[in-house]
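See below for the structure under consideration.
The values are calculated or read from the model by the stated rules, or taken from the named source; none is laboratory data. Since the model is a prediction, treat every value here as computed from it, not as a measurement. Ideal geometry is used to build each Cβ from the backbone, glycine not excepted, and the neighbour counts take in all protein chains shown.
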Amino acid sequence: MNEAPGRKLLLVAACALVDADGRVLLSQRPEGKSMAGLWEFPGGKVEEGETPEETVVRELHEELGIETKVACLAPLTFASHSYETFHLLMPLYVCRRFWGIPQPLEGQTLKWVRPAKMRDYPMPPADEPLIPFLIDLL
């Protein structure tokens, strides 16, 4: 049974960027955005004609000023979550190879966090179920 007829499906691609110490980069949503103050994995909406992997490469450059390649992304898991006005489908990729130092280019706050400590950072409902996959991986 369809919970909300006509609800839009939103495809978003996200990345667990992992540093040499096994920490994952979290980004805090800035004031003025929906779910402001919550911590999430960098990423964004998949644009028309773009693959989720291409989205991650583009978003990491736009949001953080770093470079990576599609070949450096490994699919880990995905989130499927119903919000009130849309349904989110979000593949999560792991990236350990990137060039540059992540910078907060969109007014967000960045924090490198060990997966076991991620529950200390309030996250959107779609992101929370992804934490155990990172704990198991790292």
Residues of region 3-34 being part of a strand (DSSP E or B) and more than 28 Å from Gly49 (Cβ to Cβ), which ones? Val18, Val24, Leu26, Gln28
Given (1) more than 19 Å from Asp127 (Cβ to Cβ); (2) surrounded by 19 or more Cβ atoms within 10 Å (Cβ to Cβ); (3) touching a Gly at 6+ places or on another chain (Cβ under 9 Å), index of the condition Val57 fails: (3)
Return a yes/no flag: does region 95-107 have any residue that is modelled with pLDDT under 95 and out of contact with any Gly (no Cβ under 8 Å at 6 or more places or on another chain). yes
Subset of region 104-120 [in contact with a strand residue (DSSP E or B) (Cβ under 8 Å, 6 or more places away or on another chain) and under 19 Å from Gly44 (Cβ atoms)]: Pro104, Gln108, Thr109, Leu110, Lys111
Output for Cβ contacts, cut-off 6 Å, separation at least six or different chains, first residue within 26 Å of Leu11 (Cβ to Cβ) and surrounded by 15 or more Cβ atoms within 10 Å (Cβ to Cβ) in region 111-134, second modelled with pLDDT under 95 and not acidic (Asp, Glu), reads Pro115/Leu138; Pro124/Met35
Only residues in region 79-94 that are surrounded by 16 or more Cβ atoms within 10 Å (Cβ to Cβ) count as the first member; pair them with residues that are aromatic (Phe, Trp, Tyr) and in a strand (DSSP E or B), Cβ under 8 angstrom, at least 6 apart or cross-chain, and list the lot. Leu89/Phe78; Met90/Phe78; Pro91/Phe78; Leu92/Phe78
May I ask you to verify whether Ala36 is within 25 Å of Phe133 (Cα to Cα), surrounded by fewer than 13 Cβ atoms within 10 Å (Cβ to Cβ) and either hydroxyl-bearing (Ser, Thr, Tyr) or out of contact with any strand residue (DSSP E or B) (no Cβ under 9 Å at 6 or more places or on another chain) (or both)? no
Starting from residues that are basic (Lys, Arg) and at pLDDT below 95, keep the ones in region 13-33 and report whichever is surrounded by the fewest Cβ atoms within 10 Å (Cβ to Cβ). Lys33
